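A.B. asks: Dropping the structure in here first, questions after.
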Amino acid sequence: TVTIRIVCLFTLLWSVNGIGVNWGTQTSHPLPPDTVVRMLRENGIQKVKLFAADYGILKALGKTGIEVMVGIPNDMLASVGGSMKAAEKWVAKNVSEHISSNNVNIRYVAVGNEPFLETYNGSYLHITLPALSNIQSALIKAGIGSQVKVTVPLNADVYASSNTYPSGGDFRTDIFDPMLKIVKFLNDSNSPFTVNIYPFISLYTDSNFPVEYAFFDGNATPLNDGGTLYYNMFDANLDTLAHALQKNGFGNLPIIVGEIGWPTDGDRNANIEYARRFNQGFMSHISGGKGTPMRPVPIDAYLFSLIDEDEKSIDPGNFERHWGIFYFDGQVKYPLNLGTTNSGALIPAKGVQYLERKWCVMKLSAPLDDPQVAQSVSYACGLADCTSLGYGTSCGNLDARGNISYAFNSYFQKNNQLEKACEFPNVSVIAKTDPTPTVGNCKFPIMIQPYYESAGRRFGCGQMPLPLVSVLLLLLLTV
């Protein structure tokens, strides 16, 4: 019994150290940082990856012991890569100060975010390594070079296989030389290689992709790579990278999985059941610490993501705003055992403050063929979030009036239920009855009260800062 308890304790402790989350902030109504940090602690999450150095968030993470990877956005690479002084200033303000004055456990600086994506057409190709080098030098000069390491979160498209098997893995030919220089730099500075792996994207972009191969249930026909069997895409993808590193003389370079997850809305394959199945499968898959065939060591990973973000770009797809394991308000989406709590269940955010229980909907008396309807819906969706509408989405079964009401309400809530935000010409009305359907997962959300960090306090409905009201009224005049 003692032995079993020790094994269980070891597994739990490893899980705590091994799993992190990405905390993104592209949202119109962020939860207060203290609320999110409390949620992280109550869920036993010990590692956080940030995409930028947000002062309020870093301050809230102080004295918690939570390990932090803080990011430098791509649009800052030229600045810190072109000037040692700029790099030192960034490190002093966003790393040294937080470590020394606030006891933030910063362990990594993520220099850029997927800078070599093919869609960037080489924009960051020649500035990423100088930025990496300057930040590393600035960390050393600040006396924290051994405590804080640099890395570059890269998309899995930086490598590919010449024979469709992991053993054929190597870096993309068009970026081979810059990649090799970065890998050598990471190796020389005892820093990890960070990669983002998304089986969902493979399924989204390829209608012939074998669905079962995206998951961890062992139901897929395995890929036989010279006698090594791969039952899921994640292992095969990570080992393609491992082979690429080994092939170029860096077989021992540590690998961090910077992003992995599954969205819950915005596409027919982005749903609650698939997300639960994938994320729980991934957690079970890595909990034993056995790794992959090429890398039989515990996997260091960050789930993507913590909370939904309603202002993310939807250029890749409508699913982009729905990666969270929690909704925008910190409420649990589905059962998920991270192995980090006694209950084995996610714990929602506490003390969340909502706006009034009211919604903006289509007037019952308004005809569907009113010329104002299409124009109003287009306007509302252009400035709010209608990604839960459409084929295979959570609200995909709404009728025409339901779709219109959803669009109106999304705009109304995003604008803090301002009455002006429900004045679509003769076709909208504010309702006190919840229009959410009784069947299915579709929700007509009520927005949380806005939190403006610079003001240091919450603003309730009708208490928006004057400049925001002015801008909003100006926008509404164009309706």
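A.B. asks: Can you give me the accessible area per residue for the chain, using a 1.4 Å probe, in Å²? Intermediate values should be presented prior to the final figure.
C.D. replies: Working: 21160 Å² over 479 residues.
I get 44 Å² per residue for the chain.
A.B. asks: Another question, if that's okay. So, in nm, how far is label Y334 from label S83 when the simple model puts each one 7 Å beyond its Cα toward the Cβ?
C.D. replies: In this crude spin-label approximation the distance works out to 4.7 nm.
A.B. asks: Suppose accessible area is computed on protein heavy atoms with a 1.4 Å probe; arrange T221, T128 from highest to lowest. Let's see the in-between values first.
C.D. replies: Details: T221 125, T128 0 Å².
My answer, sorted largest first, is T221, T128.
A.B. asks: Cβ under 10 Å from D239's Cβ, D239 left aside: what net charge do those residues give with Lys, Arg +1 and Asp, Glu -1?
C.D. replies: Values: positive: R295; negative: D225, D235.
Charge balance near D239 sits at -1.
A.B. asks: What full-extension length gain, to one decimal in nm, is calculated for S202 and Q449 as 0.36 nm per residue of separation minus the Cα-Cα distance? Provide the component values of the computation, followed by the final result.
C.D. replies: Details: separation 247, 0.36 × 247 = 88.92 nm, distance 3.69 nm.
The S202-Q449 span can extend by a further 85.2 nm.
A.B. asks: Find the relative contact order for the stretch 19-326 and round it to a whole percent, using C-alpha pairs within less than 8 Å whose residues are 6+ positions apart. Before the final figure, lay out the partial values.
C.D. replies: Values: 597 pairs, mean separation 53.1, N = 308.
Once divided by the residue count of the stretch 19-326, the mean separation gives 17 percent.
A.B. asks: Let me ask another. If R₀ is 25 angstrom, what is the calculated FRET efficiency for the pair D370 and R268, using the beta carbon separation as r and rounding to 0.05?
C.D. replies: Working: r = 31 Å, r/R0 = 1.23.
Once the sixth-power term is evaluated, E becomes 0.20.
A.B. asks: How big is the charge dipole of the chain about its Cα centre, in debye rounded to the nearest 20, if each Lys and Arg gets +1 on its Cβ and each Asp and Glu gets -1 on its Cβ? Walk me through the numbers on the way to the answer.
C.D. replies: Numbers: 36 positive and 41 negative charges, 307 e Å.
Using Cβ point charges on Lys, Arg, Asp and Glu, the chain gives about 1480 debye.
A.B. asks: Another question, if that's okay. Take the alpha-carbon centre of the stretch 194-245, take the same for the stretch 342-378, and report the distance between them in whole Å.
C.D. replies: Cα centroid to Cα centroid, the span is 38 Å.
A.B. asks: Of the options V373, A384, G330, report the single residue whose Cα projects farthest towards the positive end of the charge dipole of the stretch 288-387 (beta-carbon charges: Lys, Arg +1; Asp, Glu -1).
C.D. replies: G330
A.B. asks: For S100 and D177, what is the calculated FRET efficiency with R₀ set at 35 Å and r taken between the beta-carbons, to the nearest 0.05? Each step should come with its number before you reach the end.
C.D. replies: On the way: r = 38 Å, r/R0 = 1.10.
Rounded to the nearest 0.05, the efficiency is 0.35.
A.B. asks: Which value, in debye to the nearest 20, describes the size of the charge dipole of the stretch 359-431 about its Cα centre when Lys and Arg Cβ atoms bear +1, Asp and Glu Cβ atoms bear -1, and nothing else is charged? Before the final figure, lay out the partial values.
C.D. replies: On the way: 4 positive and 6 negative charges, 23 e Å.
Value, rounded to 20: 120 debye.
A.B. asks: Please name which of V361, M76, N94 has its Cα lying farthest along the dipole of the chain towards the positive end, using unit charges on Cβ (Lys, Arg +1; Asp, Glu -1) and the Cα centre as origin.
C.D. replies: Result: N94.
A.B. asks: Against the longest alpha carbon principal axis of the chain, how many degrees, from 0 to 90 and to the nearest 10, is the axis of helix 371-383 turned?
C.D. replies: 30
A.B. asks: Further, regarding this structure: Please give the FRET efficiency for N342 paired with S313, using the beta carbon to beta carbon distance and R0 = 30 Å, rounded to the nearest 0.05.
C.D. replies: On the way: r = 39 Å, r/R0 = 1.28.
Here the calculated transfer efficiency is 0.20.
A.B. asks: Specify the angular offset, from 0 to 90 degrees and rounded to the nearest 10, of the alpha carbon long axis of helix 176-188 from the longest principal axis of the alpha carbons in the chain.
C.D. replies: Orientation of helix 176-188: about 70 degrees from the principal axis.
A.B. asks: Taking a ≥ b ≥ c as the square roots of the Cα gyration tensor eigenvalues, with a/c under 1.5 meaning rounded and otherwise prolate when a/b beats b/c, else oblate, which class fits the stretch 122-270? Please report the intermediate quantities before stating the final value.
C.D. replies: Numbers: a/c = 2.14, a/b = 1.72, b/c = 1.24.
Prolate is the answer for the stretch 122-270, as a/c is 1.5 or above and a/b outweighs b/c.
A.B. asks: Quick one: angle between helix 272-287 and the longest Cα principal axis of the chain, in degrees between 0 and 90, rounded to 10, please.
C.D. replies: It is inclined by approximately 20 degrees.
A.B. asks: Considering only the other residues whose Cβ falls under 15 Å of the Cβ of L180, what net charge follows from Lys and Arg at +1 and Asp and Glu at -1? Walk me through the numbers on the way to the answer.
C.D. replies: On the way: positive: R172, K181, K184, K247; negative: D170, D174, D177, D188.
Spelling it out: positives minus negatives among the neighbours equals 0.
A.B. asks: Which listed residue (I272, A421, Y302) has the Cα farthest towards the positive end of the charge dipole for the chain, taking +1 on Lys and Arg C-beta and -1 on Asp and Glu C-beta about the Cα centre?
C.D. replies: Y302
A.B. asks: Working with all protein chains in place, sort K363, K350, K181 by solvent-accessible area computed with a 1.4 Å probe, largest first.
C.D. replies: On the way: K363 65, K350 90, K181 130 Å².
Output order, biggest surface exposure first: K181, K350, K363.
A.B. asks: Please list Y274, Y230 from largest to smallest accessible area, probe radius 1.4 Å, with all protein chains kept in place. Write out the running numbers ahead of the final one.
C.D. replies: Numbers: Y274 55, Y230 5 Å².
The ranking, largest first, comes out as Y274, Y230.
A.B. asks: Sticking with this structure for a sec: Here are some values of Cα extents along the principal axes in Å: (1) 71, 56, 39; (2) 83, 49, 39; (3) 71, 55, 53. Which one was computed from this structure?
C.D. replies: The value computed from this structure is option (3).
A.B. asks: Charges at C-beta only: +1 for Lys and Arg, -1 for Asp and Glu. How large is the resulting dipole of the stretch 203-297 about its Cα centre, in Debye rounded to 20? If you can, show how the numbers build up before the last one.
C.D. replies: Details: 6 positive and 10 negative charges, 59 e Å.
The dipole of the stretch 203-297 has a size of about 280 debye.
A.B. asks: Report, to the nearest whole %, how much of the accessible area of the chain belongs to carbon and sulfur atoms, 1.4 Å probe, protein only. Intermediate values should be presented prior to the final figure.
C.D. replies: Numbers: 11220 of 21160 Å².
Accessible surface attributable to carbon and sulfur in the chain totals 53 percent.
A.B. asks: Pulled fully out, how much extra length does the chain show between D217 and S123, if you take 0.36 nm times their separation in residues and subtract their Cα-Cα distance?
C.D. replies: Numbers: separation 94, 0.36 × 94 = 33.84 nm, distance 3.95 nm.
Here the answer is 29.9 nm.
The values are calculated or read from the model by the stated rules, or taken from the named source; none is laboratory data. Just so you know, these numbers come straight off a predicted model, no measurement behind them. For neighbour counting, all protein chains shown are included, and Cβ atoms are generated from backbone atoms with ideal geometry for every residue, glycine included. These area figures cover heavy atoms from the full protein model, side chains too; ligands, DNA and RNA do not enter into them. Shrake-Rupley method; radii C 1.70, N 1.55, O 1.52, S 1.80 Å.
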